[in-house]
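Below: the structure, in structure tokens.
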Protein chains: 2
Amino acid sequence: MKINDLITQTGEWLKGDGPNADIVISSRVRLARNIKGFPFYHWAGKKEKEEILSIVKNAISKSKYMKGSLFVKIAAIDEIDRQFLVERHLMSREHAVNDEFKALSVDDREVMSVMINEEDHIRAQAIQSSFNLMDTWRVLSELDNELEDKMDFAYSDRWGYLTACPTNIGTGLRASVMLHLPALVITNHISRVLQAISKLGVMARGLFGEGTEASGNFFQISNQVTLGHTEEDIIDNMEKLVNQVVGREKSAREYLLTQNKPALFDKIWRAFGTLKSARIITSDETIRLLSLIRLGVDLEVIKDIDRRTMNELFIYMQPAHLQKLEGKKLSSMERDMRRADLIRSKLKV
Amino acid sequence: MKINDLITQTGEWLKGDGPNADIVISSRVRLARNIKGFPFYHWAGKKEKEEILSIVKNAISKSKYMKGSLFVKIAAIDEIDRQFLVERHLMSREHAVNDEFKALSVDDREVMSVMINEEDHIRAQAIQSSFNLMDTWRVLSELDNELEDKMDFAYSDRWGYLTACPTNIGTGLRASVMLHLPALVITNHISRVLQAISKLGVMARGLFGEGTEASGNFFQISNQVTLGHTEEDIIDNMEKLVNQVVGREKSAREYLLTQNKPALFDKIWRAFGTLKSARIITSDETIRLLSLIRLGVDLEVIKDIDRRTMNELFIYMQPAHLQKLEGKKLSSMERDMRRADLIRSKLKV
């Protein structure tokens, strides 16, 4: 697979169905691993980094889960391609730098991706549609086993997997879900809900921007604790907490429908009208309006658009995606115009 | 004709074609007349008012221009019907009071209307589509002659026609045009243009609200001077001034198209999208958005809506019209919802 193949397909995790797909966009699990006998990445020399890259690349090439996968050295691709992979949720922003030993591998369904020489030697992730943490963990665990067959991971009987940053020591696992919580935002309950669960070992943050009431009503919840529990316990705890948030969002949606349905529907339809009409639109406004339309789709106010279309728009309306689609670098104003064109063509009903 | 017949038809002046119909909505001329031997309305007694009403009603019933016309006593109709006739531009707000001697007559094409016992015994008006002042004056003049055949008007060889308010003495004529000047507003030239022509014996004001930059970019220009000139001279002077304003608006539209066409088109399309989608909308917002769409129709950005539809929406989205259409009194919120429904059904393309 090549990077340009990604522009014509969409990841499995954007399909928009599965458990609680009206509220939980996606479930993601990542593992941090390091190879025994090598310094952590930031202390490693050129030779060592090169060797790490070579070991992991070899292991991936023999993995049946990563068969036919994309493999790119970050230094070998341009700025737009790097940003494109970040926008695609396939690698971290920190990984998108001009470093000759950093690489990324992605399977052809975009379920699994492996960053090589990120903060740890290996950062492997699996991402799936809707509320599916346990299954996502199992899928990733298989890849983890395959990789471990080809190398020894740095591991201590006392601490578990050793990682560059102490917060990842133990399981090296971070499980996270992306939630769409518009009703909790509209009813002003979001801060209270997020604060409450933050006390229970998870971190909650707005997905776009830093503030919790940031654009688009999207939030990411992930575990803080990776040490002293099994992977299954961590996932299990996360599922319980997320279920509570999902329940709160459902109640808030019911409340909105009983309290001021006409005003809510008006807001949703106006958002739809604006997106179907605008000729120039920023990403911030797009996120805000798409969030309302997604709520409209969930509440079955808007019936001719499906969640996959919504999810794809969130990904494709981003700057690097627009530039990949156009096949060239675009100015900010050009992007705002292409974005509006793309949205109109996707929402044509 | 009955009042309820008006709700199923639209006035000739809303048809939206004719000279400069892209900028001039309508041309209106009115004449103030009083019957010789009677005190002005505000000084007249009951008996006299009754007699005035009877004389004028009789004259109208014999007019061939007012054949088959509506004739209503204002006291005989309810509050919604009164407001409906005001919204329809068929009578003044001052005439819409519970006074047993006030009456209104309207011909079946809604070109001519006659208020009886307004400030003057007779206020007759003719209104036509687009920039057509001279023709509108000629039409009204014919009705004026018919009325004068049946009664003697208060007239002085020195002053001309005598009127209750000195500002109307002489010809008793007021000619006005309703202009749509969005480009002069957007380019911030409107105040300068209106101030300049105000020094030349005409009055210019925002059609909705008091400020010149009031909602909707609609303006009314009318003559101030009625004395010392012939009717034709007054009309001729008005036409020259209006032509200047029309020219300035045209230049401003061309300027907008060369300067920032994408931003302008975006604004127009968004207005269209909002009107086609909203479920709740106030009249202020409607006027503002319809103004942009009308500009879009004029600039041929929006092609599937005609000016008649636009003009009709301006009239039908008003409170009393919505209530007449619904056949009952509506609360403010109900009106905002009915207004949105009406607009969507009219703009369905």
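The values are calculated or read from the model by the stated rules, or taken from the named source; none is laboratory data. These numbers come from a predicted model, not from an experiment. Here Cβ is always computed from backbone atoms with ideal geometry, including for glycine, and neighbour counts include all displayed protein chains. For accessibility, only protein heavy atoms count, side chains too; no ligands or nucleic acids. Shrake-Rupley method; radii C 1.70, N 1.55, O 1.52, S 1.80 Å.
Each residue in the stretch B:293-309 was checked for being within 14 Å of chain A (Cβ to nearest Cβ) and either over 25 Å from the mean Cα position of the chain (by Cα) or more than 22 Å from residue B:10 (Cβ to Cβ) (or both), and 4 pass.
Of all the listed residues (B:110, B:118), the sole one being open to solvent by less than 20 Å² (accessible area, probe 1.4 Å), part of a loop (DSSP other than H, G, I, E, B) and on the phi > 0 side of the Ramachandran plot is B:110.
Every test in (1) within 14 Å of the chain's Cα centre (by Cα); (2) crowded, with 20+ Cβ neighbours inside 10 Å is passed by residue B:15 save one, and that test is (2). Residues to consider are B:251, B:291, B:222; find the one that is in contact with a Lys or Arg (Cβ under 6 Å, 6 or more places away or on another chain) and among the hydroxyl-bearing types (Ser, Thr, Tyr). So the residue among B:251, B:291, B:222 that is in contact with a Lys or Arg (Cβ under 6 Å, 6 or more places away or on another chain) and among the hydroxyl-bearing types (Ser, Thr, Tyr) is B:222. Among residues of the stretch A:1-12 being among the polar types (S, T, N, Q) and loosely packed, with under 15 Cβ neighbours inside 10 Å, the one that is nearest to residue A:65 (Cα to Cα) is A:9.
Under the condition of being within 7 Å of chain B (Cβ to nearest Cβ), under 17 Å from residue A:310 (Cβ atoms) and assigned to a helix (DSSP H, G or I), the residues counted in the stretch A:271-282 number 4. Going by what's in this entry, would residue A:21 be described as open to solvent by less than 40 Å² (accessible area, probe 1.4 Å) and more than 26 Å from residue A:165 (Cα to Cα)? For residue A:21, the condition - open to solvent by less than 40 Å² (accessible area, probe 1.4 Å) and more than 26 Å from residue A:165 (Cα to Cα) - is met. In the set A:340, A:252, only one residue is in contact (Cβ under 8 Å) with a residue 24 or more places away in the chain, touching a Ser or Thr at 6+ places or on another chain (Cβ under 6 Å) and either assigned to a loop (DSSP other than H, G, I, E, B) or open to solvent by less than 20 Å² (accessible area, probe 1.4 Å) (or both); that residue is A:252. Considering A:76, A:126, A:44, the condition of being in contact with a strand residue (DSSP E or B) (Cβ under 6 Å, 6 or more places away or on another chain) and small (Gly, Ala, Ser) is satisfied by A:126 alone. Checked across the stretch A:78-91, the condition of being in contact with a Ser or Thr (Cβ under 7 Å, 6 or more places away or on another chain), open to solvent by 30 Å² or more (accessible area, probe 1.4 Å) and either within 30 Å of residue A:317 (Cα to Cα) or not assigned by TED's automatic domain parsing to the domain that holds residue A:119 (or both) holds for no residue. When the stretch B:310-342 is filtered for residues that are within 14 Å of chain A (Cβ to nearest Cβ) and under 30 Å from residue B:300 (Cα atoms), the ones remaining, listed by number, are B:336, B:337, B:338, B:339, B:340, B:341.
For the stretch B:257-270, the candidate set comprises residues that are more than 7 Å from chain A (Cβ to nearest Cβ) and among the basic types (Lys, Arg); within that set, the residue that is farthest from residue A:281 (Cα to Cα) is B:261.
Please verify whether residue B:247 is within 14 Å of chain A (Cβ to nearest Cβ) and either of a type outside the set (A, V, I, L, M) or not in a helix (DSSP H, G or I) (or both), treating the condition exactly as stated. In short, no. Within the stretch A:24-39, one or more residues are farther than 30 Å from residue A:238 by Cβ, modelled with pLDDT of 95 or more, open to solvent by less than 70 Å² (accessible area, probe 1.4 Å) and not acidic (Asp, Glu).
Candidates in the stretch B:310-324 are the residues that are polar (S, T, N, Q) and open to solvent by less than 20 Å² (accessible area, probe 1.4 Å); of these, the one that is nearest to the chain's Cα centre (by Cα) is B:311.
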